[in-house]
1. Please specify each residue of region 159-204 satisfying the condition of being β-branched (Val, Ile, Thr) and in contact with an Asp or Glu (Cβ under 9 Å, 6 or more places away or on another chain).
2. Considering only residues that are in contact with a strand residue (DSSP E or B) (Cβ under 6 Å, 6 or more places away or on another chain) and of a type in the set (A, V, I, L, M, F, W, C), look in region 338-350 and name the one that is surrounded by the most Cβ atoms within 10 Å (Cβ to Cβ).
3. Which of the residues that make up region 351-385 are closer than 13 Å to Ser277 by Cα and either surrounded by fewer than 23 Cβ atoms within 10 Å (Cβ to Cβ) or aromatic (Phe, Trp, Tyr) (or both)?
4. In region 323-335, is there at least one residue being surrounded by fewer than 22 Cβ atoms within 10 Å (Cβ to Cβ) and not in a loop (DSSP other than H, G, I, E, B)?
5. Return the residue satisfying two criteria in turn: it lies in region 102-125 and is surrounded by fewer than 16 Cβ atoms within 10 Å (Cβ to Cβ) and small (Gly, Ala, Ser), and of such residues it is farthest from Gln150 (Cα to Cα).
6. Anything in region 281-292 that is within 17 Å of Leu195 (Cα to Cα) and touching a residue at least 24 places away in the same chain (Cβ under 8 Å)? List them, or say none.
7. Within region 65-101, restricting attention to residues that are among the β-branched types (Val, Ile, Thr) and within 30 Å of Gly362 (Cα to Cα), which residue is surrounded by the most Cβ atoms within 10 Å (Cβ to Cβ)?
8. Check region 54-67 and report whether any residue there is under 28 Å from Gly341 (Cβ atoms), in a strand (DSSP E or B), in contact (Cβ under 8 Å) with a residue 24 or more places away in the chain and of a type outside the set (D, E, K, R).
Amino acid sequence: MSGDINIEGTVDERFIAVREQFERNLASGDDVGASVAVIHDGELVVDLWGGTITDDDGVEKNWERDTLINVWSTTKTMTALSALVLADRGELDVDAPVATYWPEFAANGKADVLVRHLLSHSAGLSGWQEPLTADDLFDWEKCTSLLAAQAPWWEPGTASGYHALTQGYLVGEVVRRVSGASVGTFFASEIAGPLGADFFIGTPASEDHRVAHVIPPDIGLAGADPLPHDSLVYRTFSNPPLDAAVSQTVPWRRAEIPAAGGHGNARSVATAQSVVSHGGERNGVRILSEAGIERIFREQTYGQDLILPATFKLGIGYGLVCPEVPISPNPRACFWGGWGGSLCINDLDSRTTFAYVMNRMGEGTTGDMRGGLLLYAAHAAANAN
């Protein structure tokens, strides 16, 4: 306990500064309910949760050890990992045209779009041309077939433009075509299950009692300022119009929305992703080879993103360290985060994976200081030796 704020879990004394910052986040009201986890050199050195949540019945209660929350685009790290596992097994070639696995995708000038373009937000398909509703996101066939039919919005491979929702359907359909299983099923059987990671892409009814509702931000995905309706940003973020409260609904939870609909907590995010920072293996379970991890660090684009107001260096499936996004003091680190503030960092040099998830969403899609200060404390401890 810390004052009136319930904080539970464990922390290695070397990482006590992470707990102290976690306490400050909750005591200040910046966080309402949250969890943070750090896996360092094979050990779960930080596993903390605290604050309060609201459940499906509208009841306010404590954030518990096994609480689940929609983590928005942090889900993309799990979808990317699924594709990378298939690539590592030689079943998927990231340098091959998408149409090799998904023939319909070649329509409208996309015959030369490569799988790695999907994994680096550079395929030119950051949104749907045809108008969609939020309910359409639950229709896999509709979402994927529309993307297969449409023309790119810019020349694929030349620049990144954040594929906020579409990336999950694009990569997920490739996973499905290659493996024969939906991306949620593949992730569950090949990654989450073997690792014991309590994370779902498509959350079953059996877990509803554990799900916390997000507290939506005041500003939607498109931001506060009016945008020209023909702009890439508007076309990406306004179709379909998305209110974060949709994640509180059962249809959203059940659907496989592999870019934004995953449910987990900091421990489960860190458990699944720590194979990247730990040579492809966790608790004796090998998920990737060393060469499979190296694939992540093949730079695809580096520059101003066409959608997000930031400069990114993107590898295959993850963002990479660069001066504009200094997410680690070490050069070999990769990351992604989610709308409202969730965050996952894999630091290969210090053998550390950091994860933070929360229910009170901040404004914007590029994170905020709640996760940032926790990450800073974790890096300081992990790199102290």
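1. Matches in region 159-204: Val178, Val183, Thr185, Ile201.
2. Checked region 338-350; the qualifying residue surrounded by the most Cβ atoms within 10 Å (Cβ to Cβ) is Cys344.
3. Arg351, Phe354
4. yes
5. Within region 102-125, the match that is farthest from Gln150 (Cα to Cα) is Ala111.
6. Residues satisfying the conditions are Arg282, Asn283, Val285, Ile287, Leu288, Ser289.
7. Val71
8. Scanning region 54-67, I find at least one residue that is under 28 Å from Gly341 (Cβ atoms), in a strand (DSSP E or B), in contact (Cβ under 8 Å) with a residue 24 or more places away in the chain and of a type outside the set (D, E, K, R), so the answer is yes.
The values are calculated or read from the model by the stated rules, or taken from the named source; none is laboratory data. These numbers come from a predicted model, not from an experiment. Using ideal geometry, Cβ is built from the backbone for each residue, glycine included, and neighbour counts are taken over all protein chains shown.
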